[in-house]
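A.B. asks: Can you read through this structure? Questions will come right after.
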Amino acid sequence: MHTRRAALKLGVAAVALACAGPAAAQTPPAAPAPPVEPPPPSSPNVVENFDFETFSRMMRTRAEAPYVEPATQLPEALANLSYDEYRAIRYRPDHALWLGDPSNFQLQAFYPGGIVRDTTRVFIGDGKRFELKGFTGADFEYRAPLDPTVFQGIDLPGVAGFRLHYPLERPDVFDELVTFLGASYFRALGAGNRYGLSARGLAVNTATSATEEFPRFTTFYVVRPTPGSNSVRLFAELDSPSLAGAYSFTITPGPQTLIDVTARLYFRNAVERLGVAPLTSMFTYGENDRRGRDDFRPEVHDNDGLAIHRKSGERLWRPLRNPQELALSYFQETSPAAFGLLQRDRDFSHYQDVESRFELRPSLMIEPLGDWGNGMIELVEIPTRSETNDNIVAFWVPEMKPEAGSQYEFRYRMRWGQSAQWPDGLARVEGTYAGVGGNPADDTPATSRRFAINFVGGTIANLPADAALDTIIEVPDNARLIHSSLERLPDGGWRLAMELEKTNSAPTELRAKLSMLQRIVSETWLYQWTGTV
């Protein structure tokens, strides 16, 4: 099991850059106003007459009352587990739910304790009636260096989370498919992937002066899969001091694993910044950013860029960085077609890590369903020296800030996989390379920086080397373009090379794309250049 918690306790000044034009004011998506009658009574261990509307009413009623912190008291033997001891506790595969059923899915739980002290409850049912699943210590095995007798007789107050298994790669092996573990974090895999980036149910006050909240999925309701079904559905209660939420997930595995999400949010308090469909990832260094790295591995990252699809058809690509100071970038949008964090570099030789296999980490695109109105996609890049930290965050921020008593609904589809984008005729950015400019034969310290951007695919893939392609380069006032060139690459594609010089140390946002016959034929490359060289 591989887990990381995002390093988001931010106390340093932010670099805020607007990367698109302003949008007109518009009301954000609102949750439907259900009838005010309370939900039907249920026993603590059984829920009757469940449906999403009833569930939503229950969470709205909960948001009208003060927040109650869930009890997290664990027995001492569980609370004091070290990281390695916690990893030695595994769910017994022969105890997996639905193991003997003609089902394509199995469920296994995570033990509470050590680094994962918050517990959650898991109800199992047919979609209308759910019963609490009581996991016990006997469902787990305790490997060395643990003494199994220490854990005998301990009553588990709940579980830390759970994972769903599915025969993703071959019909006789149930592979891990989706994991829900810690706060509102979850991860999924497409065919051929290894775990990498994570998603969250919600981000609250991330990268602001206000105290950040980490809402928790406190209870899950998992619908028992029917025989032969290739999808599974579950619901989750989200709770935090500022809001309560009702979530619905429909999970369909495949080469791209799809997760359809409906989130209904009910606010107790005003929120400074709401982050919808948040993604967290790791970028330590890559081909465009290797400053101060002495490592045999050429690159270390779970994802290498932020992709944005606009309703107009324009596609943006922003390579990720590990900045020297906290960097925030804002992309103003009106109900974008999609956005996400991608791992485009799939060549093992570019990583040379036989254990981590970064080239197999999944990409994830978020496709809003319905009109999300005006807002912005925010990208947070946090300095880190360790690849164990998630230092990249991206999410949607609605233009209208939530107030106490407000309610929103957001629906979206998640695509997890080797390739999470759908194809079109535009050439994509395959690589971004950066380094000092100047004459390599001159030992005079350079005052310029050179960028090389490789565009591949699309309708320009088979053009001859002398094709009349044009470059569109946008450079802000605090930088000067010294020269640029566009050449055919030996193995296909096109390289745009630029050398620039800065007039001050303020961050510089660069933009570039290719055109032919007055038509845009590539993605728009964006880059945040900090420093002077």
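All of the numbers you see were taken from the coordinates with simple rules; none came from a lab. Small disclaimer: the values here were computed from a predicted structure and weren't measured. Note that each Cβ is placed from the backbone with ideal geometry, even for glycine, and that neighbours are counted across all protein chains shown.
A.B. asks: Per residue of the chain, what 222 nm ellipticity follows from adding -39500 (n - 2.57) for every DSSP H run with n ≥ 4, rounded to the nearest 500?
C.D. replies: Helices in the chain give a 222 nm mean residue ellipticity of -1000 deg cm²/dmol.
A.B. asks: Name the lysines eligible as straight-distance cross-link partners of Lys513: C-alpha to C-alpha under 27 Å, and not fewer than 8 places from it in the same chain.
C.D. replies: Lys311, Lys502
A.B. asks: Now, a different point. Kindly identify the chain as rounded, prolate or oblate by the Cα gyration tensor criterion: order the square roots of the eigenvalues as a ≥ b ≥ c, call it rounded if a/c is under 1.5, otherwise compare a/b with b/c, prolate if a/b is larger, else oblate.
C.D. replies: In terms of gyration-tensor shape, prolate.
A.B. asks: Starting from the Cα of Ala71, step 7 Å along the direction of its Cβ; do the same at His95; then give the gap between the two resulting points in nm.
C.D. replies: So the label points at Ala71 and His95 sit 2.2 nm apart.
A.B. asks: Excluding Ser56 itself, calculate the net charge of residues whose Cβ lies under 12 Å from the Cβ of Ser56, where each Lys or Arg counts +1 and each Asp or Glu counts -1.
C.D. replies: Overall, the nearby charge balance is 0.
A.B. asks: Right, something else. Taking only the C-alpha atoms, wrap a convex hull around the stretch 428-529 and report its volume per residue in Å³ as a whole number.
C.D. replies: 106
A.B. asks: Looking at Ser312, Thr179, Ser363, which one has the Cα that reaches farthest to the positive end of the dipole of the chain (charges on Cβ: Lys, Arg +1; Asp, Glu -1)?
C.D. replies: Ser312
A.B. asks: Quick query: amide H of Ala506 versus all other amide H atoms, modeled in the peptide plane; which residues come in under 5 Å with a sequence gap of 5 or more or a different chain?
C.D. replies: none
A.B. asks: Now, a different point. Extension gain Glu403-Asn439, at 0.36 nm per residue separation less the Cα-Cα distance, in nm?
C.D. replies: Length difference between fully extended and current span is 7.3 nm.
A.B. asks: How much length is gained if the chain between Ile473 and Thr388 is pulled fully straight, taking 0.36 nm per residue apart and subtracting their Cα-Cα distance, in nm to one decimal?
C.D. replies: Values: separation 85, 0.36 × 85 = 30.60 nm, distance 3.61 nm.
Full-extension gain reported as 27.0 nm.
A.B. asks: Under a straight-distance cross-link criterion of Cα-Cα below 14 Å, which aspartates and glutamates are reachable from Lys128, leaving out those fewer than 8 residues away in the same chain?
C.D. replies: Candidates past the 8-residue exclusion: Glu48, Asp51, Glu53.
A.B. asks: How would you rank 279-289, 81-91, 255-265, highest first, on the average number of other Cβ atoms within 10 Å across their residues?
C.D. replies: 279-289, 255-265, 81-91
A.B. asks: Starting from a Cα-only point model with no solvent, please compute log10 I(q)/I(0) by Debye for the stretch 309-410 at q = 0.18, 0.24 1/Å.
C.D. replies: So the normalised log intensities work out to -1.02, -1.35.
A.B. asks: Checking the cross-link filter: which lysines have an alpha carbon closer than 23 Å to that of Lys401, excluding same-chain neighbours under 8 positions apart?
C.D. replies: Correct list for Lys401: Lys9.
A.B. asks: Which trypsin sites (Lys or Arg not before Pro) from the stretch 130-203 combine a DSSP loop assignment with at most 14 other Cβ atoms within 10 Å?
C.D. replies: For trypsin sites (Lys or Arg not before Pro) across the stretch 130-203 that sit outside H, G, I, E and B with at most 14 neighbouring Cβ atoms in 10 Å, the list reads Arg143.
A.B. asks: Round to the nearest 0.05 the FRET efficiency obtained for Asn80 and Trp422 when R0 = 60 Å and r is the Cβ-Cβ distance.
C.D. replies: Computed FRET efficiency for Asn80 and Trp422: 0.80.
A.B. asks: With the crude spin-label approximation of a point 7 Å out along Cα→Cβ, what separation in nm comes out for Asn45 versus Leu481?
C.D. replies: Calculated label separation equals 7.1 nm.
A.B. asks: Let me ask something additional. Using +1 on the beta carbon of Lys and Arg, -1 on that of Asp and Glu, and nothing else charged, what's the dipole of the stretch 125-199 about the Cα centre, debye to 20?
C.D. replies: 280
A.B. asks: Separation of the stretch 47-119 and the stretch 244-296 by C-alpha centroid, Å?
C.D. replies: Centre-to-centre distance over Cα atoms comes out at 20 Å.
A.B. asks: I've got another one for you. What nm distance separates the two modelled labels at Ala144 and Glu314, each placed 7 Å from Cα along Cα→Cβ?
C.D. replies: About 6.1 nm separates the two model spin labels.
A.B. asks: Which ³J(HN,Hα) values in Hz, rounded to whole numbers, follow from the phi angles of the stretch 528-533 under the Karplus curve 6.51 cos²θ - 1.76 cosθ + 1.60, where θ = phi - 60° and Gly and Pro get x?
C.D. replies: Calculated HN-Hα couplings, in order: 9, 9, 10, x, 10, 10 Hz.
A.B. asks: Find, to one decimal place in angstroms, the Kirkwood hydrodynamic radius of the stretch 223-374, where the mean of 1/r is taken over every pair of different Cα atoms and then inverted.
C.D. replies: Details: mean 1/r = 0.0544 Å⁻¹.
Taking the inverse mean of 1/r over all distinct Cα pairs, the stretch 223-374 comes out at 18.4 Å.
A.B. asks: Another question about this same structure. On full extension of the chain, what length is gained from Arg488 through Gln332, given 0.36 nm per residue of separation minus the C-alpha to C-alpha distance?
C.D. replies: 52.8 nm
A.B. asks: Between Val173 and Asp126, what FRET efficiency comes out of the Förster formula 1/(1 + (r/R0)^6) with R0 = 45 Å and r the beta carbon distance, rounded to 0.05?
C.D. replies: Numbers: r = 27 Å, r/R0 = 0.61.
The calculated FRET efficiency here is 0.95.
A.B. asks: Quick one: putting +1 on the C-beta of Lys and Arg, -1 on the C-beta of Asp and Glu, what dipole do you get for the chain around its Cα centre, in Debye to the nearest 20? Before the final figure, lay out each step's value.
C.D. replies: Numbers: 54 positive and 66 negative charges, 100 e Å.
Its charge dipole is roughly 480 debye.
A.B. asks: Over the Cα atoms, compute the radius of gyration (one decimal) and Dmax (the largest Cα-Cα distance, rounded to a whole number) for the stretch 469-510, in Å.
C.D. replies: Here Rg and the maximum Cα pair distance are 12.6, 38 Å.
A.B. asks: Just order 323-335, 489-501 by mean Cβ neighbour count inside 10 Å, highest at the front, would you?
C.D. replies: 323-335, 489-501
A.B. asks: From the phi angles alone, apply the Karplus equation (6.51, -1.76, 1.60; θ = phi - 60°) to the stretch 475-485 and give each ³J(HN,Hα) in whole Hz, x where the residue is Gly or Pro.
C.D. replies: With the stated coefficients, the stretch 475-485 comes to 10, x, 5, 8, 8, 10, 7, 7, 6, 8, 8 Hz.
A.B. asks: To the nearest 20 Debye, how big is the dipole of the stretch 428-529 about its Cα centre, given +1 on the beta carbon of each Lys and Arg and -1 on that of each Asp and Glu? Intermediate results must be reported in sequence, preceding the final value.
C.D. replies: Details: 10 positive and 13 negative charges, 45 e Å.
Charge dipole, the stretch 428-529, about its Cα centre: 220 debye, nearest 20.
A.B. asks: Oh, and also: Angle between the Cα long axis of helix 52-63 and the longest principal axis of the chain, 0 to 90 degrees, nearest 10?
C.D. replies: Compared with the principal axis, the helix lies near 90 degrees.
A.B. asks: Give me the net charge for the shell around Glu237: Cβ to Cβ below 14 angstrom, other residues only, Lys and Arg +1, Asp and Glu -1.
C.D. replies: Its environment carries a net charge of +4.
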